Structures are given as structure tokens and as C-alpha cells.
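**Q** My questions all concern the structure below.
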Amino acid sequence: MPDPLTVVGLGADGWPSLSPTAREAVLAADVLLGSTRQLALVPDGEVEKVAWSSPLSESLPGLLAEHRGRRICVLASGDPTFHGIGTTLTRLLGAEAVRVIPHPSSVSLACARLGWAQEQVQVVSLVGHPLELVQPHIQPGRRLVVLSWGAHTPAEVAGMLVARGYGGSVFTVLEQLGSADERVRSTRADAWDHEVDALNVIGVLCRPDEGAELLSTAPGLPDSAYESDGQLTKREVRAVTLSRLAPVPGQLLWDVGGGAGSIAIEWLRHHPSCRAVAIEKDPDRAKRLDRNAATLGVAVRTVVGAAPSSLAGLESPDAVFVGGGATVPGVIETCWEALRPGGRLVVNGVTLETESLIAHWYASLGGDLVRLAVQRASAVGGMTGWRPAMPVTIWSVTK
């Protein structure tokens, strides 16, 4: 294309709030691409208006190719590079081929109405994403701005807050921000019962009810947070294991022998950009793992199958945890070979056979070797004593 493709951000009121530069870009275009709602917000003229077809991700390259050589202007909501199509187009065409003219985002407008500092809020987009993504961010005193996926979203988010024991949270729904029909309504989450416009944003000031369970994003959630048949890395061991795996935003974990999925889940809860694949050979455990992930607000990719054969074709990991099946021939070798440079391998063992294997690899590759012995207080008659859990040997090494 002779000129860069231009992306213009629109507010809910459309044309009146556009800057002169944005208006010029719209008027100079040969073709306007956008949703039916967005196209209706700008004046008609000689420009050709083309509405997006669904699914957009599949139709977009074809649309761009069809209009190649023409001056294309894409209409977007708010700031096109904030959860918007501007980022998609830049990734597809390259930054030099895309010119973005932003408008204040819905988050900016919501924070302005609520009097919140943008840098102090957590933004969660539910546009095309599951409701459970809100879960890790429901913490005492946290301010959330939730981008809705329609008129149904506020009631769903309010219901989740009540179920988590945060019914007393300040719950604000902001509709048609920036338009003449703008409306802002606040209640407690447990009192929300309103119909809303599909174009809405939710503000939440999280306030726990008395007795609400604290589910931190730090490693070591209570064992009771997981549904399990006993195949669960216990809380204290889990915290140490994750410290050795060292979660980093954007990196990928393999959880080999996933069990209840606690290691993969808490890796993902560290940061929204973390990724994890759990390998579990038992189909029932794999389903249980998926339920745990949904309950705790993360998306684990679960592979049902036995290692090492089920590891073939997976993206190379930045960290690997082997919590089960370490003695199966080829498992540790495959995991070590697959690791990226700088990647961490952590293997836990409770049996003599696994400990012997760990000792062999430790002698070969080095690393760090620790043994944890946890004891918990419990009733002994009318008094209290210590009951030891099985000791766990943890071997960790960096490639």
C-alpha cells in the first residue's frame, strides 16, 4: 500500500469528539472498515464502508488484500492498541505500515468517572475470554476495571463476587461512556439487579465479607482450594517447588504428571501472561485438573497422555516440573533436552526409586538438592502432637 493503513479510535459519541487529525484521516479514506455500529457513527460520503465479517481473525487478511492499493481507514473503539484491533494490525502488517490515532479508552473514561488512578487499577478483559479470569484479581482493597462482553457480563461478575465472599464490594456499571446516553450506577455486588446496555464497563472496589477466604497469588494456596483424589503437591512443598521453578511473565511451564494441577495453576496465577501445559495420563484426573483451573481463574492447556511420548510436538518450555512418572524411561531426558537455555527443571520424589534417579541426575548435571520434612499439629488424645508427612526430595537445575 502506498500509504500506511490508518486506525482511528472512536468514542461512543462518534464524530463529535474526534480530533481534526482523526476526522481528516476518515474523510481522506477510500474505504472504511469497522463494525456496523462504528461505521454508523461517521458521516456518509463517497467513501466505501465495509462492515467486519465474523470471525474477524479469519476474514481480516482477505479484506486487507481485497482493498490493497486503496487508502484504508479502520475504525476501532477507544484506544486501538489497548485490547484492540490496532495491535492485531501491527502484528499482521508491521509497525511501519500502520498509523494509529487513539481516542481515550473505556478504561481512561471509567477511571475519570470513578476518580481512580489508572496505574492503580487491574484491567481484566472478558471480551472473548472466560469469566474465571477475574478470579485471581479478587483481593481485599483491589480496584478492578472489567471490560464486558455484553449486557450479561455485569450480572455474571456480581455473582462471582458474591460466591467468593465479596458481596459487599462497591460495584459500578458504566454504560455508553462518552455518549449522550451515558449512565453510571453503583451498588453493592450482592444488590446488583439491573438490565444494562451491551456497551458497558464494570468498576469493582473489592471488599471481602467477614470470613471470606483469602486466595493469594503467592505460591502455596491452601490444599482445600483444590479438588483432589490425593494426587496433590501439598501446600508447603508446592511453595518451595514454585520458588525453584521461578515463574516469569510470558514464560511457558510443562507440568508433567499434572495430578490436581496445582503447580501449573499457581504458575499461571503469578502473572496473566504466564502459560502452562499439564500432561496427565489419567482422563478423570485431567478433567479434575481443568475444573480446578477454571475455579481458580486460569487457563491450563491439558494434554491427556503419558510422558515422554505425549511431550512430542509441544512448544519448548522455559520451566519443567516432573511431579509424577520421573522413573519412566526417557522422561527426564526428554524434558532436559526440550528446555530452552536458562530453563529450570524441577523433579520431586517421595520413593526410594525416584530419589535414586534424582541422585544420579544430580551427580551428572549438578543443581540444587533439598529434602523437606513437614510435620503438622493434630490431636493426640486430649492433647496435641506432631504428625509427620512423607519427606519429599526436590532436585532443581538450570540449563
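The values are calculated or read from the model by the stated rules, or taken from the named source; none is laboratory data. As the structure is a prediction and not an experimental result, all values here were calculated from the model. Positions of Cβ are generated from backbone atoms using ideal geometry, with glycine treated the same way; all protein chains shown enter the neighbour counts. We work out accessible area using only protein heavy atoms, side chains counted, and drop any ligands, DNA or RNA first. Shrake-Rupley method; radii C 1.70, N 1.55, O 1.52, S 1.80 Å.
**Q** Under 13 Å from the Cβ of residue 142, count the other residues' Cβ atoms, weight Lys and Arg +1, Asp and Glu -1, and hand me the total.
**A** Working: positive: 143, 164, 207; negative: none.
Value of the local net charge: +3.
**Q** I'd like the carbon and sulfur percentage of the solvent accessible area for the chain, probe radius 1.4 Å, heavy atoms only, ligands and nucleic acids excluded.
**A** Values: 10000 of 18950 Å².
Of the solvent-accessible surface of the chain, carbon and sulfur hold 53 percent.
**Q** Any chance you could give the angle, 0 to 90 degrees and rounded to 10, that helix 235-245 forms with the longest Cα principal axis of the chain?
**A** 70
**Q** Taking the Cα centre of each part, how many Å lie between segment 112-143 and segment 349-372?
**A** Centre-to-centre distance over Cα atoms comes out at 42 Å.
**Q** Still on this structure, I have one more. Cβ under 13 Å from residue 107's Cβ, residue 107 left aside: what net charge do those residues give with Lys, Arg +1 and Asp, Glu -1?
**A** Numbers: positive: 113, 143; negative: 79, 119.
Taking every other residue near residue 107 into account, the sum is 0.
**Q** Computed from the coordinates I sent, Cα Rg over 2.2 N^0.38 Å equals one of (i) 1.25; (ii) 1.20; (iii) 1.04. Tell me the label.
**A** Identified label for the calculated read-out: (ii).
**Q** Oh, and also: For the Cα atoms of the chain, what angle does the longest principal axis make with the long axis of helix 153-163, in degrees from 0 to 90, nearest 10?
**A** Once rounded, one gets 30 degrees.
**Q** For residue 56 and residue 217 in one chain, what is 0.36 nm times their gap in residues minus the Cα-Cα distance, to one decimal in nm? Present the calculation step by step, with values, prior to reporting the outcome.
**A** Numbers: separation 161, 0.36 × 161 = 57.96 nm, distance 3.40 nm.
Extending this stretch completely gives an extra 54.6 nm.
**Q** Rounded if a/c is under 1.5, else prolate if a/b is larger than b/c, else oblate: which is segment 263-399, with a ≥ b ≥ c the root eigenvalues of its Cα gyration tensor? Kindly include the intermediate steps, with their values, before the conclusion.
**A** Details: a/c = 1.86, a/b = 1.24, b/c = 1.50.
It comes out oblate by the Cα gyration axes.
**Q** While we're here: Restricting attention to segment 309-399, which GluC sites (Glu not before Pro) occupy a DSSP loop and are surrounded by at most 13 other Cβ atoms within 10 Å?
**A** Numbers: sites: 315, 333, 337, 353, 355; in loops: 315.
In loop regions of segment 309-399 (DSSP not H, G, I, E or B), the sparsely surrounded GluC sites (Glu not before Pro) are 315.
**Q** Leaving out same-chain residues fewer than 8 places away, which lysines sit with a Cα under 27 Å from that of residue 281?
**A** 234, 399
**Q** Using r as the Cβ-Cβ distance of residue 312 and residue 187, and R0 as 56 Å, what FRET efficiency do you calculate, to the nearest 0.05?
**A** Numbers: r = 53 Å, r/R0 = 0.94.
Using R0 = 56 Å, I get an efficiency of 0.60.
**Q** A follow-up question, please. If one takes the longest principal axis of the Cα atoms in the chain, at what angle in degrees, from 0 to 90 and to the nearest 10, does the Cα axis of helix 352-365 lie?
**A** Taking the Cα atoms of the chain, the angle to 352-365 is about 70 degrees.
**Q** Could you list which residues have their amide H under 5 Å from that of residue 105, counting only those 5 or more apart in sequence or on another chain, with H placed in the peptide plane?
**A** Amide H neighbours of residue 105, under 5 Å, 5+ apart: 79.
**Q** Under the classification rounded if a/c is under 1.5, otherwise prolate if a/b is larger than b/c and oblate if not, where does segment 81-143 fall, given a ≥ b ≥ c as square roots of the Cα gyration tensor eigenvalues? Before the final figure, lay out each step's value.
**A** Working: a/c = 3.11, a/b = 1.61, b/c = 1.93.
Oblate, since a/c reaches 1.5 and b/c is not below a/b.
**Q** Further question on the same structure: Can you list the GluC sites (Glu not before Pro) in segment 28-77 that are in a DSSP coil and have 11 or fewer other beta carbons within 10 angstrom?
**A** Working: sites: 46, 48, 58, 66; in loops: 46.
Of the GluC sites (Glu not before Pro), the ones in loops of segment 28-77 whose Cβ has at most 11 other Cβ atoms within 10 Å are 46.
**Q** Something else: Helix-derived [θ] at 222 nm for the chain: sum -39500 (n - 2.57) over DSSP H runs of at least 4, divide by residue count, nearest 500?
**A** Values: 11 runs with 107 residues, N = 399.
The helix-only estimate for the chain comes to -8000 deg cm²/dmol at 222 nm.
**Q** Further, regarding this structure: Rounded to the nearest 0.05, what FRET efficiency do residue 271 and residue 180 give with R0 = 45 Å and r taken as the Cβ-Cβ distance? Could you check? Intermediate results must be reported in sequence, preceding the final value.
**A** Numbers: r = 40 Å, r/R0 = 0.88.
For R0 = 45 Å, the calculated efficiency reads 0.70.
**Q** Can you tell me the accessible area per residue over segment 257-399, all protein chains present, probe 1.4 angstrom, in square angstrom?
**A** Values: 6890 Å² over 143 residues.
Computed with neighbouring chains in place, this is 48 Å² per residue.
**Q** Counting Lys +1, Arg +1, Asp -1, Glu -1, what net charge surrounds residue 185 among other residues with beta carbon under 14 Å of its beta carbon?
**A** Charge balance in the 14 Å sphere: -3.
**Q** Could you tell me the distance between the Cα centroids of segment 311-343 and segment 198-254, to the nearest Å?
**A** After rounding, the separation between the Cα centres reads 24 Å.
**Q** Per residue, what accessible area does segment 1-159 have, given a 1.4 Å probe and all protein chains present, in Å²? Intermediate values should be presented prior to the final figure.
**A** On the way: 7690 Å² over 159 residues.
Per residue, segment 1-159 has an accessible area of 48 Å².
**Q** So who's got an amide H within less than 5 Å of the one on residue 10, skipping anything under 5 residues away but keeping other chains? H placed 1.01 Å off N, in plane.
**A** 76, 77, 78
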